[in-house]
Amino acid sequence: MNGEYVLSIAKDKVLAADNTKNEYLPAYNSGVIKVNDQDRPTIASVQKVHASQYKVKFSEPVKSLTGANFSAKYVADGTTLSVGTTDAENIVLDTTDLQLKGELLVNLNTAVKSNKEIELKLVGAVDWNNNLLSPNPASIALTKGESDGKAPEVTDITVINPQKLEIKFSEEVVKFGTAAVDVSGNTVTKVEQDKNDKTKFIIELISPLLVGYVNVSIDADAIIDLYGEGIKAFSKAIQVKEDTEAPELTSAVIQKDGRDGYEYLVVKFNKDVNLDKFSNLYNNVLDGKEFKDYVTRDVKVKAKTVGKGFEAVDPDVKNEYRIKLDDLEVSYDGGTNYSALVKDAKYTLNLPAAAVENLTGKDNDAKDGAISFTRGSDSVVSGQEVVKVQTNLGATDGSAAHALGNNKVVVVFKEEVNEADATNTANYSIDGAVVKNAELAADKKTVTLTLEDNKTEYRGARYITISNVRTSGNVAMKESFRKVIELNENIAPTVKGVAVTSNVENTGDSTKYDVTVKLTFSENVWNDTSSDFGVFLNGTEAAGVTASVEAVASASAKQELTVTFTVSKSDFDDKKVELRAKSTIDVQDVKGNKLADNTVVTVK
């Protein structure tokens with residue numbers, strides 16, 4: 001986006017290249033950087049991923065594309081092909097990485113003929129500053145490859161450990177998802193291609209397999225090779241053997257986390273383990289010694305709070321765990337009284353038996369003096385933080401979407417906020433949207449942002465930036481918050497046309513008309529109740545007159561709705577007749593944007 005920007009790096013946030021030193025860059029603020037982006041995006045490359053898939057890489061991220069931006073035909077005879085984002089199309093677009101990475105996957109489905117050149121034409125693509133693609137339109141040449149007639153096969157399955165399998169194929173295959181492989185019904189959480197051997201994939205499970213036999217199965221065509229040839233249905237029983245070797249502690253070091261400034265005791269084992277006693281250091285006290293000022297004392301060390309123990313350094317790593325030193329306390333009288341660990345004191349603690357166990361349940365052995373460290377000091381990073389931002393499409397912390405409507409965004413702060421800062425709309429910026437109001441909730445941490453109506457023109461990813469919101473104690477934010485959120489467009493439908501299609505005499509009362517009015521909207525709409533409009537005669541609501549609006553399901557949204565009402569002939573013939581939207585109106589587009597409740601439609 002064009003404008004003036006300042007690059008800010010908070011201290012203790014960016015780790016130096018040699019991360020073994022735990023050194024972080026100091027705080028940095030650049031001068032004003034002026035951005036005037038007039039560079040048009042281009043197609044940087046077109047890569048054939050496999051026989052039926054191409055990756056189109058743009059020079060920069062591109063706004064949303066749909067089938068409407070494309071046309072396709074066989075070069076030889078001009079026969080057209082359908083293009084879209086659903087599997088029903090001949091050419092299926094995967095736009096997952098388009099808006100942030102500028103990458104588009106183009107899939108040629110089974111109906112597309114092999115070895116026939118296709119011209120795929122793209123029109124109207126723009127970057128985030130609305131610079132149009134160059135050239136526009138742009139043509140992309142595609143050709144679906146022939147199958148090599150040889151289906152990929154599983155040649156070997158190796159049990160790395162009870163929670164990790166290695167599958168080797170007869171040839172390189174396209175990377176597949178977690179649903180492609182079934183391991184006796186156990187949930188597969190991760191699939192990763194081996195960096196050195198592209199025919200191997202590592203399969204990780206949500207929990208360790210039990211000792212014994214399990215069945216590994218793959219459905220037919222769930223995995224394809226680079227020619228698009230699908231695998232045949234596969235099933236094989238494999239044995240998970242008991243690991244009889246006890247895990248061993250290989251290191252215990254102190255690391256300072258630059259994100260919070262605390263010192264952590266980090267322990268590492270020679271194999272993947274599950275925590276046993278180490279999961280709860282409140283009840284499982286560690287014995288050892290403290291060395292300070294040439295004095296040696298017997299000590300007991302435990303967690304300060306109930307249930308506190310070591311935690312995984314990384315969710316994907318099962319042999320390395322840590323605990324904050326500030327969460328530990330020491331006793332010198334056998335466990336009666338406890339106090340904080342002493343700065344600059346050296347502690348040598350005994351590793352108890354069954355602190356951890358390997359993935360088949362074998363405990364570690366006890367080892368005296370195995371854990372040794374010196375307590376330094378914490379440099380706690382203080383300041384306000386944004387915990388998460390919620391919209392009706394999702395949240396920045398990965399939690400579920402909330403029913404907020406298209407005009408609301410909720411910001412949750414870590415600490416109670418300075419009310420003036422939190423309610424100042426200038427402190428919130430959302431690409432492609434305008435914040436018109438910021439309301440602070442009773443908890444003093446949650447702020448609801450209201451967006452200007454009819455300003456958010458597209459659905460999709462955009463940045464939200466939050467800055468200058470202090471805590472209630474006037475402590476500044478550690479750094480500006482900037483993350484991607486998903487918003488729906490909030491352009492409300494409007495009435496573009498009105499026509500009286502009939503006004504016939506009421507069969508029960510000859511002094512009245514049964515009036516039918518057709519309303520034409522700016523876009524497809526739907527409606528599930530009839531009480532949406534009041535009938536007004538010369539500016540006054542007609543008593544006892546009910547306007548019934550055609551009910552339409554959301555899946556059948558359309559651009560025209562009929563409204564019927566019964567009114568006296570003299571009123572209809574002699575007075576100005578209007579339909580005015582009620583506050584309860586629920587005529588809305590497919591994105592949930594409702595017709596404005598101040599809508600006035602002149603019937604005659």
>> Anything in segment 114-165 that is surrounded by 15 or more Cβ atoms within 10 Å (Cβ to Cβ) and in contact with a Pro (Cβ under 7 Å, 6 or more places away or on another chain)? List them, or say none.
In response: Leu122, Ala125, Asp127, Trp128, Asn131, Leu133, Pro162, Gln163
>> What's the total number of residues in segment 480-507 that are in a loop (DSSP other than H, G, I, E, B) and either surrounded by fewer than 15 Cβ atoms within 10 Å (Cβ to Cβ) or within 50 Å of the chain's Cα centre (by Cα) (or both)?
In response: 9
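When you scan segment 523-541, do you find a residue that is free of Cβ contacts under 8 Å to residues at least 24 places away in the same chain and either closer than 24 Å to Thr584 by Cα or in contact with a His (Cβ under 9 Å, 6 or more places away or on another chain) (or both), even just one? Even if it seems obvious, please write down each step before you answer.
Just the residues of segment 523-541 that are free of Cβ contacts under 8 Å to residues at least 24 places away in the same chain, to begin with: 530, 540.
Checking the rest, the ones that are also either closer than 24 Å to Thr584 by Cα or in contact with a His (Cβ under 9 Å, 6 or more places away or on another chain) (or both) come to 530, 540.
Within segment 523-541, one or more residues are free of Cβ contacts under 8 Å to residues at least 24 places away in the same chain and either closer than 24 Å to Thr584 by Cα or in contact with a His (Cβ under 9 Å, 6 or more places away or on another chain) (or both).
Checking the conditions here, which among Thr471, Thr450, Thr465 is under 20 Å from Ala422 (Cβ atoms), open to solvent by 10 Å² or more (accessible area, probe 1.4 Å) and within 21 Å of the chain's Cα centre (by Cα)?
Details: Thr471 fails: within 21 Å of the chain's Cα centre (by Cα); Thr450 fails: within 21 Å of the chain's Cα centre (by Cα).
The match here is Thr465.
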>> Condition first: within 11 Å of Glu290 (Cβ to Cβ), of a type in the set (Lys, Arg) and surrounded by fewer than 17 Cβ atoms within 10 Å (Cβ to Cβ). Can you find one or more residues in segment 345-355 that meet it?
In response: yes
> Does Ser510 count as touching a residue at least 12 places away in the same chain (Cβ under 8 Å) and either out of contact with any helix residue (DSSP H, G or I) (no Cβ under 8 Å at 6 or more places or on another chain) or open to solvent by 50 Å² or more (accessible area, probe 1.4 Å) (or both)?
Replying inline: no
> Between a first residue in segment 356-369 that is under 13 Å from Lys268 (Cα atoms) and a second residue that is open to solvent by 70 Å² or more (accessible area, probe 1.4 Å), which pairs have beta carbons less than 6 Å apart while being 6 or more apart in sequence or on different chains?
Replying inline: none
> Which of the following residues is open to solvent by less than 50 Å² (accessible area, probe 1.4 Å), touching a strand residue (DSSP E or B) at 6+ places or on another chain (Cβ under 8 Å) and either within 12 Å of Leu487 (Cα to Cα) or not in a loop (DSSP other than H, G, I, E, B) (or both): Val387, Val412?
Replying inline: Val412
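Here is a yes/no grid of residues against (1) touching a Leu at 6+ places or on another chain (Cβ under 7 Å); (2) surrounded by 16 or more Cβ atoms within 10 Å (Cβ to Cβ); (3) over 16 Å from Val154 (Cα atoms); (4) touching a residue at least 40 places away in the same chain (Cβ under 8 Å):
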residue: Ile167; (1), (2), (3), (4): no, yes, no, yes
residue: Val173; (1), (2), (3), (4): no, yes, no, yes
residue: Glu204; (1), (2), (3), (4): no, yes, yes, yes
residue: Ser207; (1), (2), (3), (4): no, no, yes, yes
residue: Leu226; (1), (2), (3), (4): no, yes, no, yes
>> I need a count of the residues in segment 99-131 that are part of a strand (DSSP E or B), in contact with a Ser or Thr (Cβ under 9 Å, 6 or more places away or on another chain) and within 13 Å of Pro41 (Cβ to Cβ).
In response: 4
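Please find, among Gly460, Gly398, the residue that is closer than 30 Å to Ile9 by Cβ, small (Gly, Ala, Ser) and in contact with an Asp or Glu (Cβ under 9 Å, 6 or more places away or on another chain). Working first, answer last.
On the way: Gly398 fails: in contact with an Asp or Glu (Cβ under 9 Å, 6 or more places away or on another chain).
It is Gly460.
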> Pick from segment 175-202 the residues that are among the hydroxyl-bearing types (Ser, Thr, Tyr) and in contact with a Leu (Cβ under 7 Å, 6 or more places away or on another chain): which of them is surrounded by the most Cβ atoms within 10 Å (Cβ to Cβ)?
Replying inline: Thr189
> Just for segment 50-65: of the residues that are modelled with pLDDT under 90, part of a loop (DSSP other than H, G, I, E, B) and not basic (Lys, Arg), which one is nearest to Glu172 (Cα to Cα)?
Replying inline: Ala51
> Which ones in segment 523-538 are part of a strand (DSSP E or B) and within 15 Å of Val601 (Cα to Cα)?
Replying inline: Phe533, Gly534, Val535, Phe536, Leu537
> Can you tell me which residue in segment 46-78 is most open to solvent (accessible area, probe 1.4 Å), limited to those that are more than 17 Å from Ile118 (Cα to Cα) and without any contact (Cβ under 8 Å) to a residue 60 or more places away in the chain?
Replying inline: Ala68
>> If Tyr458 meets every condition in (1) farther than 30 Å from Leu210 by Cα; (2) touching a strand residue (DSSP E or B) at 6+ places or on another chain (Cβ under 7 Å) apart from one, which number is that one?
In response: (2)
> Do we find a residue being without any contact (Cβ under 8 Å) to a residue 12 or more places away in the chain, open to solvent by 30 Å² or more (accessible area, probe 1.4 Å) and not acidic (Asp, Glu) anywhere in segment 323-337?
Replying inline: yes
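Suppose we filter segment 209-224 for residues that are β-branched (Val, Ile, Thr) and open to solvent by 60 Å² or more (accessible area, probe 1.4 Å); how many remain? Steps first, please.
Looking only at segment 209-224, we keep the residues that are β-branched (Val, Ile, Thr), and these are 211, 214, 216, 218, 223-224.
Retained after the next criterion (residues that are open to solvent by 60 Å² or more (accessible area, probe 1.4 Å)): 211.
The number of residues fulfilling the criteria is 1.
Answer yes or no: is there a residue in segment 520-528 that is loosely packed, with under 15 Cβ neighbours inside 10 Å, at pLDDT below 90 and over 46 Å from the mean Cα position of the chain (by Cα). Step through it out loud before you land on a result.
In the first step, residues of segment 520-528 are kept if they are loosely packed, with under 15 Cβ neighbours inside 10 Å; the result is 520, 528.
From what's left, at pLDDT below 90: 528.
Adding the requirement that they be over 46 Å from the mean Cα position of the chain (by Cα) leaves none.
For segment 520-528, residues loosely packed, with under 15 Cβ neighbours inside 10 Å, at pLDDT below 90 and over 46 Å from the mean Cα position of the chain (by Cα): absent.
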>> Can you say whether Ala179 is of a type in the set (A, V, I, L, M), closer than 16 Å to Glu229 by Cα and without any contact (Cβ under 8 Å) to a residue 60 or more places away in the chain, as far as the supplied structure shows?
In response: no
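The values are calculated or read from the model by the stated rules, or taken from the named source; none is laboratory data. Just so we're clear, the structure is a prediction, and the values are computed from it rather than from any experiment. Don't worry about glycine lacking a Cβ; one is built from the backbone with ideal geometry, like all the others, and counts go over all protein chains shown. Calculation scope for accessible area: heavy atoms of the full protein, side chains included, ligands and nucleic acids excluded. Shrake-Rupley method; radii C 1.70, N 1.55, O 1.52, S 1.80 Å.
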